[in-house]
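Have a look at the structure below, then the notes.
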Amino acid sequence: MAIKKLKNIMVQENKNLTITKRNLIANSLSGVIQLVITAILTFICIPIFIQNLGTELYGVFAIVSIIGNLNIFANLGLNSALIKYLSEQGKCNESNNDIFVSLVIMCTIIIPITVFAFIYREFILINILGIPLKHLVQSNILYSNLLVSNMLLLIGQIFTAALDSMQKIYLTNITQLIYSIIYWGGIIIVVLIGHHLDWVGYAIFIATMCWFFLILILFLKNWGTIKSTNLNETFIATAKKQLSFGVKVYLSGFIGFFNEPLFKILISNSLGLNVVAYFEIGLKIRGQLTGLFSKVLQPLYPYLSSLRDKQRIAFLVKDLTSKMFLFVLPVCAMLIITCKDIVTLWLRVDIFNYSIFIVGLVVPYLILSPLTLPIYTYLLAKDHPERTIIIQSLSVIVNILIFYLLFSYIGMIAVIISNILSYLASYILGLYYQSKYLNIKYKFKTSYALRILCLLILFIVTGFTSIFFNNEFTRILYTIIVLSVLVVLIYKRLKLITLDDIKRYFGDNILIINIFNKI
């Protein structure tokens, strides 16, 4: 009887593990699909925007869109704190209290900030963002729409946190996809019919309203209504719990503000709006590609929050770091080889400048920064968010310091150099935290280095052979196909990816295992 009961328990545990793996895969896959579709819409929209409104107005749009980073000042890390505590607690009275308190804190902070930013909008636009007077009227309307939209996005993140904690990230990904379609599709439509930045603002506001109501409906359907209990007695304690963790995450994000939004302001005042446009395009490409890693690893945060086995966590962090390195190498090779051709077909203007910024910002970032994502996620999930503050601070200090030292000598290239060195600083510190908290050590292996060297040689050969094609589209297609085939074959033949790796992350999926075995 006892043996039978033990077997039933083991079967149930295995079932739960399978469900968890399926959820992790569904959440990651839905995020990747959402990101790919969003990337396609973004890449369609940007050349239409630049060709119809010009590089300078795109720079204005990029600067005014900094208002989307208002969450840096307002959210106090409540979203991350909520995911952590709801993942640990599950659906219970304490979790309901957490959600209610987070909503109260969020509304108390974001509404006054929004009102203040609206009252002083002209001062912010002219004196802080450096918007030329000739673009002030349409920038004012865009700014106002972005303010209200950002407020709704911040409040809605409380509901997305609850869904994410239930490992229903695929639902938030679907709503994000709908938002992106309306957002970028709306911008494309209003620009093509001859409108300017004011109508771009209206399109963004409509997209946000649709997203907010969708996420609210999904929250009520999956979590239900918030039934707080003993809130008079527990409100202060719950708020302290949320803020004690959230503020550390908030400080990390607040410091991170200086790396991109503030950096755009520095570029605008030092080098002009055209360089802001180059920088923004580089960030867009970087954001889409690195967003792929973020989406894949997004389920890892609530998953790590629920794990207690430190050895298991250490193995996951180290293994994911090494696998991400293998994934970024061919992506970087494709980008280096095809970037000029892509910009030629895509933007058709300022090809050299855009190509330099895309390769200079994206390739070093892909090689260095995504590799710190697993340990960054661990630090957030396991009560070390203050360490992320140090990572962000180091990155910001290096970035701004190097830029100020170099921009008067080498102009816009200083933007690229300073960003590369900031990525490197974050990467080195991330390796240190892997060693300190999880005792992860990376040993140099000659056999592994030779396999990577072999891979790089094949990338170089592919790049040289692509120059024999005269057409840009043919060169891009050739590079993508050849590198994709080479990577799939070499990774298996050189055992960079093994059957154990496939089973670890995809379970006993017969289809994927059979495909891998037939390669």
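Residues in region 413-423 that are touching a residue at least 60 places away in the same chain (Cβ under 8 Å) and closer than 30 Å to Val482 by Cα: 2 in all.
Contact map, region 434-445: residues that are over 12 Å from Arg387 (Cβ atoms) and polar (S, T, N, Q) paired with residues that are modelled with pLDDT of 80 or more and open to solvent by less than 100 Å² (accessible area, probe 1.4 Å), Cβ distance under 9 Å, separation 6+ or inter-chain. No pairs are found. Taking into account only those residues within region 432-450 that are in a helix (DSSP H, G or I) and touching a helix residue (DSSP H, G or I) at 6+ places or on another chain (Cβ under 8 Å), which is most open to solvent (accessible area, probe 1.4 Å)? Residue satisfying both the conditions and the ranking: Tyr437. Taken over region 271-306, the residue count meeting the criterion of being more than 23 Å from the chain's Cα centre (by Cα) and at pLDDT below 85 is 3. Under the condition of being under 21 Å from Phe315 (Cα atoms) and either open to solvent by 20 Å² or more (accessible area, probe 1.4 Å) or not in a helix (DSSP H, G or I) (or both), the residues counted in region 407-431 number 4. Cβ contacts < 9 Å: first residue free of Cβ contacts under 8 Å to residues at least 24 places away in the same chain and closer than 25 Å to Thr446 by Cα, restricted to region 479-500; second residue in a helix (DSSP H, G or I) and of a type in the set (S, T, N, Q), any location; separation 6+ or different chain. Result? From region 479-500, the pairs are Leu499/Asn517. Taken over region 215-229, the criterion of being at pLDDT 90 or above and crowded, with 19+ Cβ neighbours inside 10 Å is satisfied by Ile215, Leu218, Phe219.
Among the criteria (1) hydrophobic (A, V, I, L, M, F, W, C); (2) modelled with pLDDT under 80; (3) open to solvent by 80 Å² or more (accessible area, probe 1.4 Å); (4) in a helix (DSSP H, G or I), the one Ile513 does not fulfil is (3).
Residues are listed down the side, and each one gets a yes or a no for (1) hydroxyl-bearing (Ser, Thr, Tyr); (2) assigned to a helix (DSSP H, G or I); (3) open to solvent by 40 Å² or more (accessible area, probe 1.4 Å):
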position: Asn96; (1), (2), (3): no, yes, no
position: Val104; (1), (2), (3): no, yes, yes
position: Gly130; (1), (2), (3): no, no, no
position: Val148; (1), (2), (3): no, yes, yes
position: Phe159; (1), (2), (3): no, yes, no
position: Asp164; (1), (2), (3): no, yes, no
position: Tyr183; (1), (2), (3): yes, yes, no
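The lone criterion from (1) buried (at least 20 other Cβ atoms within 10 Å of the Cβ); (2) within 30 Å of Asn269 (Cβ to Cβ) left unmet by Asp198 is number (1). Residues that are touching a residue at least 40 places away in the same chain (Cβ under 8 Å) and touching a Phe, Trp or Tyr at 6+ places or on another chain (Cβ under 9 Å) were ranked within region 185-195; the one that is surrounded by the most Cβ atoms within 10 Å (Cβ to Cβ) is Ile187.
The values are calculated or read from the model by the stated rules, or taken from the named source; none is laboratory data. This is a predicted model, so every value here is computed, not measured. So basically every Cβ, Gly included, is an ideal-geometry build from the backbone, and we count neighbours across all protein chains shown. The protein model used for the area step is the full one, side chains on, heavy atoms only, and it has no ligands, DNA or RNA in it. Shrake-Rupley method; radii C 1.70, N 1.55, O 1.52, S 1.80 Å.
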